[in-house]
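Peer 1: Take a look at this one; I'll ask things after.
The values are calculated or read from the model by the stated rules, or taken from the named source; none is laboratory data. All values derive from a computational prediction rather than experimental measurement. Here the Cβ is made from the backbone with ideal geometry for all residues, glycine too, and neighbour counts use every protein chain on show. These accessible areas exclude ligands, DNA and RNA; they are computed on the full protein's heavy atoms, side chains included. Shrake-Rupley method; radii C 1.70, N 1.55, O 1.52, S 1.80 Å.
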Amino acid sequence: QVQLVESGGGLVQAGGSLRLSCAASEHTFRNYYIGWFRQGSGKEREFVGVISWAGDSTMYADSVKGRFTISRDNGNNTVYLHMVSLRPEDTAVYYCASSRWGMTAAKTGYEDWGQGTQVTVSS
């Protein structure tokens, strides 16, 4: 089991940027695919993006493509979600999750989840 802790959320104006971090509890983190999801108030949790265990492949939801970038530092057991050109509709709790199986947008493909970090984008 991998313990994940997100950080970096906050309040930002539309057009601004934030960088979220997802820190893992163990060195085997480098063997996992890491996905980012978000859940707005009253909405279903939705896929944002995912990065391969080696960091050489990423996949994004259409809604964030070109604005969000995922990167990872396996030496520090951390994955980052860089968000630019933020919009009010990006407001949500952002979660990272780990998968041993592959790059997928399906929530069911992830075994462990962090507690989430709130991102609020004001207009």
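Peer 1: If you add up the charges near T91, with Lys and Arg at +1 and Asp and Glu at -1, over every other residue whose beta carbon is less than 11 angstrom from its beta carbon, what do you get?
Peer 2: With Lys, Arg at +1 and Asp, Glu at -1, the net is +1.
Peer 1: Determine the share of the chain's accessible area contributed by carbon and sulfur atoms, expressed in whole percent, with a 1.4 angstrom probe.
Peer 2: 46
Peer 1: Taking the alpha-carbon centroid of each part, what is the distance from the range 48-76 to the range 78-102 in angstrom?
Peer 2: The distance from the Cα centre of the range 48-76 to that of the range 78-102 comes to 9 Å.
Peer 1: Provide the per residue accessible area, probe 1.4 Å, for the range 12-122, rounded to a whole number of square angstrom.
Peer 2: Per residue, the range 12-122 has 47 Å² of solvent-accessible surface.
Peer 1: Could you work out the local net charge near W53, counting Lys and Arg as +1, Asp and Glu as -1, over the other residues with Cβ closer than 12 Å to its Cβ?
Peer 2: Spelling it out: positives minus negatives among the neighbours equals +2.
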